[in-house]
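The values are calculated or read from the model by the stated rules, or taken from the named source; none is laboratory data. Only a predicted model underlies this, so the values are computations on that prediction, with no experimental measurement involved. In this analysis, Cβ positions are derived from the backbone assuming ideal geometry, glycine residues included, and neighbour counts consider all displayed protein chains. These area figures cover heavy atoms from the full protein model, side chains too; ligands, DNA and RNA do not enter into them. Shrake-Rupley method; radii C 1.70, N 1.55, O 1.52, S 1.80 Å.
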Amino acid sequence: QLQASGGGFVQDGGSLRLSCAASDRTFSRGAMGWFRQAPGKEREFVAAVRWDAGRTYYSDSVKGRFTLSRDNAKNTVYLQMNSLKPEDTAVYYCVGRVIWNVQYSNPKHYNNWGQGTQVTVSS
């Protein structure tokens, strides 16, 4: 139901854009976003968008560097990642939630997960 793409390998300071397409408008009253998980670490919230309001939320670690946007017509979100750092290296997972919930940074509140896409930033 969620198809993610766009990961890859980039050097410190580089940029990548991730995409996540939903198969339909299931999340139009909820949220879509991204989590990431580095080896040996817990899954971490990255960014989310409340679909109906278009409001975006970011973790402190990516605020100012990452931008989450949405395309209503395509049921797709994009994560533009700039000024990437080695500590951004992780598997990134697209998520979706049917109904908006204020606990948008809690992975337990998302029951739709896309396949992960690897992002590797070299120093």
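Structure summary
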| quantity | calculated |
| --- | --- |
| Residue among P107, P39, P86 with the largest mean-square fluctuation in a Gaussian network model of the chain, springs linking Cα atoms under 10 Å | P39 |
| The range 20-56: chymotrypsin sites (Phe, Trp or Tyr not before Pro) falling in loop per DSSP and having at most 13 other Cβ within 10 Å | none |
| For the chain: accessible area per residue (Å², 1.4 Å) | 51 Å² |
| Extent along principal axes [Cα atoms of the range 36-117; Å; largest to smallest] | 33, 26, 22 |
| Coil-residue GluC sites (Glu not before Pro) of the range 1-95, DSSP, other Cβ within 10 Å capped at 10 | E42 |
| Relative contact order computed over the chain (Cα-Cα under 8 Å; 6+ residues apart), in percent | 37 percent |
| Under 14 Å, Cβ to Cβ, from R29 - net charge with Lys/Arg +1 and Asp/Glu -1 | +3 |
